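To start, the structure itself, in structure tokens.
The values are calculated or read from the model by the stated rules, or taken from the named source; none is laboratory data. Note that this is a predicted model, so its numbers are computed, not measured. Don't worry about glycine lacking a Cβ; one is built from the backbone with ideal geometry, like all the others, and counts go over all protein chains shown. The area values use the complete protein model at the heavy-atom level, side chains included, leaving out ligands, DNA and RNA. Shrake-Rupley method; radii C 1.70, N 1.55, O 1.52, S 1.80 Å.
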Amino acid sequence: MAGREQTERRGPGRPREERVERVVLDAVLQLVTEQGMDAVTMDAVAARAGVSKPAMYRRWPTKQDLVLAAAESRIGAVDIPDLGDFRAELRALLESRMRRYREPGTDRLLAELIGAAAKAQGARGAYATYTARVTDQTRAILERGIERGDVRADLDVPTAVTLVASPPVFRLVGEQLPPDQRFVDELVDLLALAFAARD
């Protein structure tokens, strides 16, 4: 009885849940970057992470859920505050992405994620939703710039979001070169010029 009361007082143990989540998502990232997306199975992840499959299924009912959660733990949304200047915010965003993209294994993670999204039948919406979350701050920066008047009012925001997000990914995955500070500086200059409010 005392033991049960002690367990009830302790509650669900959030730190343990967070530890399980961390080791599972790390295991997914390791498997993807070492062996590719096909190596990610619930059995393989459970063995690598040292957790039970029921504990995983409670959080991520499908492999797709698991992969997208792992991807978001590495390449997720970024929070760029209102700096009062579009160029400064764009630079902060791209430098944040650059740091993530330069982490070991991110190139293969992105390549495998793009391939999985292309092959997903009936589940493309989940990948699109993930992409929307990842690029949400880009939209916010562009919309703030339009409101301030330093980004042109007739800018097509969805197209501009693609133009901001795509070059670092292509540099990393297509050209197999990690984006560096010079790349970011040049990209900021080009995009700021293209998006600038017209006199």
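Taking the 1.4 Å solvent-accessible surface of the stretch 67-133 as the whole, the part contributed by carbon and sulfur is 52%.
On a per residue basis, the stretch 14-132 carries 52 Å² of accessible surface, using protein heavy atoms and a 1.4 Å probe. Split the accessible area of the stretch 136-199 by element, probe 1.4 Å, and carbon with sulfur accounts for 54%. Using a probe of 1.4 angstrom and keeping all protein chains present, the accessible surface of the stretch 139-199 works out to 58 square angstrom per residue.
Over the chain, dividing the summed -39,500 (n - 2.57) contributions of all DSSP H runs of at least 4 residues by the number of residues returns a 222 nm mean residue ellipticity of -22000 deg cm²/dmol. Taking amide hydrogens as placed 1.01 Å from N in the peptide plane, the amide H of VAL151 sits under 5 Å from those of ILE146, ALA197, each at least 5 positions away in sequence or on another chain. Measuring only protein heavy atoms, the 1.4 Å probe finds ASP43 accessible over about 100 Å². The calculated pair-distance distribution of the stretch 123-199 uses every alpha carbon pair, bins of 10 angstrom beginning at 0, and gives 17, 43, 32, 8, 0 percent. Applying the Karplus relation 6.51 cos²θ - 1.76 cosθ + 1.60 with θ = phi - 60° to the stretch 129-144 yields 3J(HN,Hα) values of 5, 4, 4, 4, 5, 5, 9, 4, 5, 4, 4, 4, 5, 5, 5, 5 Hz, where x marks Gly and Pro. Treating r as the C-beta distance of ASP156 and ARG19 and R0 as 41 Å, the FRET efficiency rounds to 0.40.
Across ARG58, ARG22, ARG144, mean-square fluctuation computed from a Gaussian network of the chain (C-alpha pairs under 10 Å connected) peaks at ARG58. Divided by 2.2 N^0.38 Å, where N counts the residues, the Cα radius of gyration of the chain comes to 1.23. With R₀ set to 30 Å, the beta-carbon distance separating ASP185 from GLU34 gives a calculated FRET efficiency near 0.35.
Two numbers describe the Cα atoms of the stretch 11-76: Rg and Dmax, which are 11.1, 38 Å.
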